[in-house]
Amino acid sequence: MIVINTKSALQNAVGEYKAKGKQVGLVPTMGALHRGHLELIKQAREENDIVVCSIFVNPIQFNNQEDLEKYPRFPEQDIAFIQDFCDICFMPSVEEMYPSAPTEKYDFGALEQVMEGAMRPGHFNGVCIVVNRLFELVTPDRAYFGKKDYQQLVIIQHLVKSLHLNIDIRPVEIVRDVDGLALSSRNKRLSAQARKEAPFIYRTLQTAKDNSRYLNPQELQTWIEKQFAANKHFQLEYARIVNADTLQTIADYNECPSVIICVTAWLDNVRLIDNITIK
Ligand code: PAF
């Protein structure tokens, strides 16, 4: 694996592979890599000749300065972790990625007016600016995104469609610890005690899925809210039962082909996000 820090070197390296007809898979990340990222990389490895992994803590997708400052960064460990699975690791500086303040504005309509989009104004615009710039530099055949950030996945699928990009967006299943906690770079910020409490999120989602057999979506949302309200360790930011394609809340499970429960909750000053597909 070669580590590249500049856009021009990245374009040259990828260009050489593309000239030889190689298929390129891109795995965009913000580092602090874990087994969830490795799953994205392994799937990219299986489906492409060349795998490019980008590691860049993208400042313009953070709407909270403290979250940006506290975001875990372990560049040397990250490189060692993916060394055997990737061909290129792209690690640009902020100046390299944004020589001047970015001004692109994307419109995702109703997709970004709910859940993460409503709670974190400008977040998805910042995500899509960096992702689209990476797409332009790498021109991948396929790009890999985890289902944990489900709304991000849907919004990136929308971006690719609306810009008519010839990139196959490949969703990858959530990877969980043995106790059910969805792997996330932010988990590294949990205290030992909080880490023990954290599986409550997925346990609640699993029971909620069972309860969907006899509670309608609104009743189910209320049931989830009550579980979190009764647990002093958590502050629930939102729980939503949504149409998995449009991300809009539903009144009846039968109104759409696929339904997902999305939750975001605070534990120990760390914002955790998870979801479960119920249909
Ligand atoms: O999911 C992430 O880690 C980030 O949002 C992404 C897609 C790498 C863009 O910075």
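Computed quantities for the displayed model
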quantity	calculated
Single unsatisfied condition, Glu116 versus (1) within 12 Å of the ligand (Cβ to nearest atom); (2) open to solvent by less than 20 Å² (accessible area, probe 1.4 Å); (3) touching a Leu at 6+ places or on another chain (Cβ under 8 Å)	(3)
Criterion violated by Arg186 - all others in (1) touching a Lys or Arg at 6+ places or on another chain (Cβ under 9 Å); (2) open to solvent by less than 20 Å² (accessible area, probe 1.4 Å) satisfied	(2)
Contacts under 7 angstrom Cβ, first residue in segment 14-41 being over 20 Å from Leu153 (Cβ atoms) and free of Cβ contacts under 8 Å to residues at least 40 places away in the same chain, partner open to solvent by less than 10 Å² (accessible area, probe 1.4 Å) and in a helix (DSSP H, G or I), 6 or more apart	none
Residue in segment 48-57 that is buried (at least 18 other Cβ atoms within 10 Å of the Cβ), touching a residue at least 60 places away in the same chain (Cβ under 8 Å), within 15 Å of the ligand (Cβ to nearest atom) and assigned to a helix (DSSP H, G or I) present	no
Residue ID - nearest to Leu26 (Cα to Cα), chosen from residues in segment 182-197 that are aliphatic (A, V, I, L, M) and touching a residue at least 60 places away in the same chain (Cβ under 8 Å)	Leu183
Residue ID - farthest from the ligand (Cβ to nearest atom), chosen from residues in segment 139-158 that are among the β-branched types (Val, Ile, Thr) and out of contact with any Phe, Trp or Tyr (no Cβ under 8 Å at 6 or more places or on another chain)	Thr139
Segment 71-91 residues that are under 14 Å from Ile2 (Cα atoms), paired with ones that are in a loop (DSSP other than H, G, I, E, B) and open to solvent by less than 10 Å² (accessible area, probe 1.4 Å) (beta carbon under 6 Å, 6 or more apart)	Asp78/Gly31
Single residue of Glu255, Glu197, Glu219 found to be touching a His at 6+ places or on another chain (Cβ under 6 Å) and open to solvent by 20 Å² or more (accessible area, probe 1.4 Å)	Glu197
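A quick yes/no check of all residues on (1) in a helix (DSSP H, G or I); (2) within 16 Å of the ligand (Cβ to nearest atom):
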| position | (1), (2) |
| --- | --- |
| Leu26 | no, yes |
| Glu39 | yes, yes |
| Ala44 | yes, yes |
| Ile60 | yes, yes |
| Asp67 | yes, yes |
| Arg73 | no, yes |
| Ala80 | yes, no |
| Phe85 | no, no |
| Thr103 | no, no |
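The values are calculated or read from the model by the stated rules, or taken from the named source; none is laboratory data. Keep in mind the model is a prediction, meaning the values are calculated, not measured. So basically every Cβ, Gly included, is an ideal-geometry build from the backbone, and we count neighbours across all protein chains shown. Ligands, DNA and RNA are stripped out before the accessible areas are found, and what is left, the full protein with its side chains, is counted by its heavy atoms. Shrake-Rupley method; radii C 1.70, N 1.55, O 1.52, S 1.80 Å.
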